[in-house]
Amino acid sequence: MKKIICLILAVIMSVTLLSCTQEQEEVFDIDFSGEAVETGFDGLELSFYSSFYSGNNNTEGENVLGYPIGTGLADLATERLREVEKTYDCKINLEYKNWSDFSNAFSSGIAGGVSPCELALITSFDIYSWAKAGYLAGINNELGDYIDYTNSAKWGESNLLECVFYKDDLYGLLPAAWPDLIYSSFGYPLVANMDIIASAGGDDPRELYEQGVWNWATFNDQLEKCTVIEGSETKIFGLTAHSPYFSEMILGSNGVALARIGGKVSLRCGFFESSLYAAADEVRHVIYGPLAYTFDKTSEPDPNAVVAKFCAEEAAYSFMPTKFIFGVWGDVAQSIDNYAVLRTPVGPDVPSDHAFGIFDGMTYTLAFPTSTINHNIEAAAIVADAIFEPLTGYETIDDVKAYMTHNNFFDDRDAEAFYDILDNCAYNHFYSAGGAVRNISAEIGRTDTPTAELLEKYESEVNDFFANAVGDMLQAYAVLYPDLETVE
């Protein structure tokens, strides 16, 4: 520990001296000038596991910390790793694992008292269960001297970090300062094939939003216009979507979410608000009501089949996770020449500019094995904090947004919609409370059970979620973000 404290003081002193001898617009925590420092970790080797759940068949190893090999961002990430190694006199052994192998090795290793790595960039699905079992180090309580989780520009906003909360701490961080990574982890934006819409005689949804009329009625009209039937065969559907995704987004578009009421974090379930009823009616109106002929039921059970249908240009609109739109696994960006990313059309109980997003996990999450096993955890924290400083050329959020706009969108209005959805994302607790947390929204899209009956059917189960897993996570807000207003 004394060595680490001396190291920190030495680094602070070197940065202070540098700041006095040259003009800088911003002062960063460490110097990435390429000059080696005299103090460090004496060649310490740190094992860094990288493992992501892609949801399709892409190879996990064909990237550098989430960036496809051969791209400029992958080169910057590689350069950053080498810079940090030189600055801290350490060796970062970056190893890629497929998700199933990593998950099993990590949990079994920690349970047996052996850490497979010092730090990991992983998908967040298991973080709740691992934190509960004591497998991970608390970022605030154990690593707070080395990492400032409140630096949201670097480590993520509270709404996105909610998926790594447990009790009085958080057990993961998000590489929010790096382009693309947190931006490909949430759902489920409405994506549109603009060429299909134009050829079918539909209206530009961006313009409908600007006119303040991007609502359910207008959307339903567009689904009818964009459904192309030749003889008895539907050539192009108005909408293809996994119904739980579609249901959750329509609920959210009328202000309804599992743990949100009026947009605020809620310690009671938001599904029991009256605005759910209208949203349920809209979902059913599209899926098996008067507009059923516009909805692709064949692909509905499988999110991957939905993406394939949309990319085959057999549907005008779809709801899907952003990771399928662009990024390492961005099938849409690779297949569709002219697509739009849109806010969900709104219901009657919210303003016309209302935006909502949802996520069941973050694909790229930084986590650390428990300090009781990992004796190099302080070094791992210092190194990780240095690695995920802003990349060269992307020092500000405006730089990142400019990159995203230029590389991932056809229209600036799509970028505005995208960030609006991200800023208003809510965690659906699917991988903490379990799949049953989606029962209400899923059954709204797959059964004709009256809404009041559904709510009564699952009331006890929902109360159990909030008394246990959901409540375990939400209570961290009071400790980590005491100034954030919540609903009791």
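Residues in region 309-339 that are of a type in the set (A, V, I, L, M), more than 28 Å from residue 448 (Cα to Cα) and not in a loop (DSSP other than H, G, I, E, B): 332, 333.
Examine region 161-176 for a residue that is under 28 Å from residue 261 (Cα atoms), basic (Lys, Arg), modelled with pLDDT of 95 or more and open to solvent by 40 Å² or more (accessible area, probe 1.4 Å), and state whether such a residue exists. Yes: region 161-176 contains one or more residues that are under 28 Å from residue 261 (Cα atoms), basic (Lys, Arg), modelled with pLDDT of 95 or more and open to solvent by 40 Å² or more (accessible area, probe 1.4 Å).
For residue 419, are the conditions met, namely being in contact (Cβ under 8 Å) with a residue 40 or more places away in the chain, aromatic (Phe, Trp, Tyr) and either touching a helix residue (DSSP H, G or I) at 6+ places or on another chain (Cβ under 9 Å) or within 30 Å of residue 339 (Cβ to Cβ) (or both)? In short, no. Scanning region 178-195 for residues that are among the small types (Gly, Ala, Ser) and either open to solvent by 10 Å² or more (accessible area, probe 1.4 Å) or under 14 Å from the mean Cα position of the chain (by Cα) (or both) gives 184, 185, 187. Kindly list, by first and then second residue, each pair from a residue in region 280-303 that is farther than 17 Å from residue 448 by Cβ and without any contact (Cβ under 8 Å) to a residue 24 or more places away in the chain to a residue that is open to solvent by 30 Å² or more (accessible area, probe 1.4 Å) and outside any loop (DSSP other than H, G, I, E, B), limited to pairs with Cβ atoms under 9 Å and residues at least 6 apart or on different chains. From residues that are farther than 17 Å from residue 448 by Cβ and without any contact (Cβ under 8 Å) to a residue 24 or more places away in the chain, the pairs are 298/305; 298/309.
So in region 196-210, with the set limited to residues that are in contact with a strand residue (DSSP E or B) (Cβ under 9 Å, 6 or more places away or on another chain) and more than 12 Å from residue 222 (Cα to Cα), which one is least open to solvent (accessible area, probe 1.4 Å)? Ranking the qualifying residues of region 196-210, first place goes to 206. Of everything in region 74-102 that is open to solvent by less than 20 Å² (accessible area, probe 1.4 Å) and under 24 Å from the mean Cα position of the chain (by Cα), the residue that is nearest to residue 365 (Cα to Cα) is 102.
Filter region 256-268 for residues that are over 16 Å from residue 159 (Cα atoms) and at pLDDT 95 or above and give the result. Passing the criteria: none in range.
If you go through region 386-404 and keep only what is buried (at least 17 other Cβ atoms within 10 Å of the Cβ) and farther than 16 Å from residue 49 by Cα, you end up with 386, 389, 390, 391, 394, 400, 401, 403, 404.
Taking the criterion of being out of contact with any Ser or Thr (no Cβ under 8 Å at 6 or more places or on another chain), open to solvent by 20 Å² or more (accessible area, probe 1.4 Å) and more than 20 Å from residue 475 (Cα to Cα), the residues of region 246-274 that qualify are 272, 273, 274.
Annotation: of all residues in region 406-439 being closer than 17 Å to residue 324 by Cα and among the polar types (S, T, N, Q), the one that is least open to solvent (accessible area, probe 1.4 Å) is 408.
In the set 413, 438, only one residue is in contact with a helix residue (DSSP H, G or I) (Cβ under 9 Å, 6 or more places away or on another chain) and under 21 Å from residue 358 (Cβ atoms); that residue is 438.
Checked against (1) open to solvent by less than 20 Å² (accessible area, probe 1.4 Å); (2) in contact with an Asp or Glu (Cβ under 7 Å, 6 or more places away or on another chain); (3) farther than 29 Å from residue 304 by Cβ, residue 243 passes all but condition (3).
Note on region 103-128: residues that are surrounded by fewer than 21 Cβ atoms within 10 Å (Cβ to Cβ), touching a residue at least 60 places away in the same chain (Cβ under 8 Å) and under 23 Å from residue 428 (Cβ atoms) total 1.
Go through region 422-461 and give me each residue that's without any contact (Cβ under 8 Å) to a residue 12 or more places away in the chain and closer than 30 Å to residue 333 by Cα. Listed by number, the list holds a single entry, 435. Can you spot a residue in region 273-283 that is assigned to a strand (DSSP E or B) and touching a Phe, Trp or Tyr at 6+ places or on another chain (Cβ under 9 Å)? Within region 273-283 (the criterion being assigned to a strand (DSSP E or B) and touching a Phe, Trp or Tyr at 6+ places or on another chain (Cβ under 9 Å)), the answer is no, since none of the residues qualifies. Give me the residue from region 369-394 that is within 11 Å of residue 46 (Cβ to Cβ) and outside any helix (DSSP H, G or I) and, out of that set, modelled with the lowest pLDDT. Checked region 369-394; the qualifying residue modelled with the lowest pLDDT is 374.
Selection of region 278-309 for residues being of a type outside the set (Lys, Arg) and loosely packed, with under 15 Cβ neighbours inside 10 Å yields 289, 290, 292, 293, 298, 301, 302. Only one of the listed residues (335, 352, 318) is within 27 Å of residue 77 (Cβ to Cβ) and of a type in the set (Gly, Ala, Ser). That residue is 335.
The values are calculated or read from the model by the stated rules, or taken from the named source; none is laboratory data. Just so it is clear, the model here is predicted, and its values are computed rather than measured. Neighbour counts run over all protein chains shown; Cβ positions are idealised from the backbone, glycine included. The accessibility values were calculated without ligands, DNA or RNA, using every heavy atom of the protein model including side chains. Shrake-Rupley method; radii C 1.70, N 1.55, O 1.52, S 1.80 Å.
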